[in-house]
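> Dropping a structure here in structure tokens format, bear with me for questions.
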Amino acid sequence: MSAGGFAEWTAHFIAEAEHRRGVGDPDWAQGAALPDAVWRSLQRFQVGENGDGANLIGKADGAGDADYAEAVRLFVAEERNHARLLALLLAAGGQPTIDTCWSDRVFVRLRRLLGLRMELMTLMVAELVAVRYYRAVRDGCGDPLVSDVAARILADEERHIPFHCRRLRASVAELPGRPLRRLTMTGWRGLVLGATVFVALDHGPALGRLGVGRGRFVADVLASTNGTVEDVLDAARPLDVPMPRVGSGTS
């Protein structure tokens, strides 16, 4: 499907929801075993996935595009499903969820500082970090249930990046002049760097147990920003709506 308007994204999110219902949940009864450092890391990521999305939804409503506002609601529903999956995974491993962590509070406050553009730029940072993190969990955990859950979340996060890119492209295009747009995205790269270094330090013990060093984690996330910047700045670059998934949930 080509990306025309956000009505296509709404249809896509609906198709993904139907896919999830058809596949069903993982087999939680099989349980899960992980090093303590990885469990603690997943607890903090579960908190981050567990926001209600009200602030983003409010800004999307104010953007004046009903299709986009509906797509954002469906995006938020996917994020809530991630929190649900992680909570059930923690329970399958005999681990509790936690109510909050200070890093998540800082992230939420940063997102709410300004308007929709800042919200999306901060969300894009989170998505790029999450893609690399869940790939590390999927590939390095050595536990079938954990790998299954991480693969499901990873597939969603990879689809979220072009979704946010499309709206962010329009928002950045409103800035006067290409130099300012370039400067804005350079500043965004700095935000990515700072956030990724923080995650690498905060979750370093878990990343190490998953076979990914802190330096490699940071380098991989930064490398992924190149295409994102060009997607935002170059209106001629295609941003296709991903095709709905078929088959199992471990894509």
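Just so it is clear, none of the values below were taken in a lab; they were calculated from the coordinates. Worth saying up front: this structure is predicted, and the values here are computed from it rather than measured. Note that each Cβ is placed from the backbone with ideal geometry, even for glycine, and that neighbours are counted across all protein chains shown.
> State, to one decimal in nm, how far the label point of Ala63 lies from the label point of Asn226, with both points 7 Å from Cα in the Cβ direction.
The modelled label-to-label distance comes out at 2.8 nm.
> What do you get when you divide the Cα radius of gyration of the chain by 2.2 N^0.38 Å, with N the number of residues? The partial results should precede the final answer.
Working: Rg = 17.7 Å, N = 251, 2.2 N^0.38 = 18.0 Å.
For the chain, the normalised Cα radius of gyration comes out at 0.99.
> Rank these for me by crowding, His12, His19, going from fewest to most other beta carbons within 10 Å. Can you show the working numbers first?
Working: His12 21, His19 16.
The order, fewest Cβ neighbours first, is His19, His12.
> Run the numbers for Ala29 and Ala173: contour at 0.36 nm per residue of separation, minus the present Cα-Cα distance, in nm. Numbers along the way, then the final one.
Numbers: separation 144, 0.36 × 144 = 51.84 nm, distance 4.94 nm.
Result: 46.9 nm gained on full extension.
> Taking the alpha-carbon centroid of each part, what is the distance from segment 215-242 to segment 16-75 in angstrom?
Between the Cα centres of segment 215-242 and segment 16-75 lies a distance of 22 Å.
> Arrange the following residues from fewest to most other Cβ atoms within 10 Å of their Cβ: Val76, Val241. Don't skip to the answer; put the middle values down first.
Details: Val76 17, Val241 22.
Starting with the residue having the fewest Cβ neighbours, the order is Val76, Val241.
> When Ile98, Ile153, Ile161 are ordered from fewest to most other Cβ atoms inside 10 Å of their Cβ, what list results?
Working: Ile98 14, Ile153 26, Ile161 21.
Lowest to highest Cβ neighbour count: Ile98, Ile161, Ile153.
> First select every other residue whose beta carbon is under 15 angstrom from the beta carbon of Pro176; then total the charges, Lys and Arg +1, Asp and Glu -1. Can you show the working numbers first?
Values: positive: Arg117, Arg178, Arg181, Arg182; negative: Glu174.
That works out to +3.
> Considering the chain as a Gaussian network with a 10 Å cut-off on Cα pairs, which listed residue, Leu207, Leu175, Leu42, attains the greatest mean-square fluctuation?
Leu175
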